[in-house]
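Quick notes on the structure that follows.
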Amino acid sequence: MVLPEKGHLLRIFIGEDDKYEGKPLYEWIVLKAREHCLAGATVVRGLEGFGARSRIHTTKFLRLSEDLPIIIEIVDTLEKIEAFLPVVDSAISEGLATIEKVDIRFYRSGKK
């Protein structure tokens, strides 16, 4: 797959405990991104954060270490990201999604 030099980054913020169709929501989103032939997806687990309810989620205290922040990042063309958004929007009951312009330097599929 060849990506243009100018692309877009979809960043989705959810909680680690969020579920959809019986599996972790972040896992479901990555599988859906793959099904929709997006360039790739990465899931990052946060150490600390808060969301709409302003409740701190952190690893510092055992009782608060549940439901840590999760960030899913997907880079592709704006058209493909916009087509993918309705799919994930219906699955996310609480979270945040941002889209920003990015410069793409390289992308290698491993095929020669």
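The values are calculated or read from the model by the stated rules, or taken from the named source; none is laboratory data. This is a predicted model, so every value here is computed, not measured. Because the Cβ atoms are built from the backbone with ideal geometry, glycine has one as well, and the counts that use them run over all protein chains shown.
Tabulated data
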{"item": "Failed item, numbered, when TYR20 is tested on (1) surrounded by fewer than 13 Cβ atoms within 10 Å (Cβ to Cβ); (2) modelled with pLDDT of 95 or more; (3) aromatic (Phe, Trp, Tyr)", "result": "(1)"}
{"item": "Matching option when the condition is touching a Pro at 6+ places or on another chain (Cβ under 8 Å) and modelled with pLDDT of 90 or more, among GLY15, GLY95, GLY46", "result": "GLY15"}
{"item": "Filter pass, ARG34 being out of contact with any Ser or Thr (no Cβ under 9 Å at 6 or more places or on another chain) and at pLDDT below 95", "result": "no"}
{"item": "Condition check for TYR26: touching a residue at least 60 places away in the same chain (Cβ under 8 Å) and surrounded by 13 or more Cβ atoms within 10 Å (Cβ to Cβ)", "result": "no"}
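Rundown of residues vs (1) surrounded by 14 or more Cβ atoms within 10 Å (Cβ to Cβ); (2) over 30 Å from PRO4 (Cβ atoms); (3) at pLDDT 95 or above; (4) of a type in the set (Phe, Trp, Tyr), yes/no style:
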position	(1), (2), (3), (4)
PHE50	no, yes, no, yes
HIS57	yes, yes, no, no
ILE81	yes, no, yes, no
VAL88	yes, no, yes, no
GLU100	no, no, yes, no
ARG108	no, no, no, no
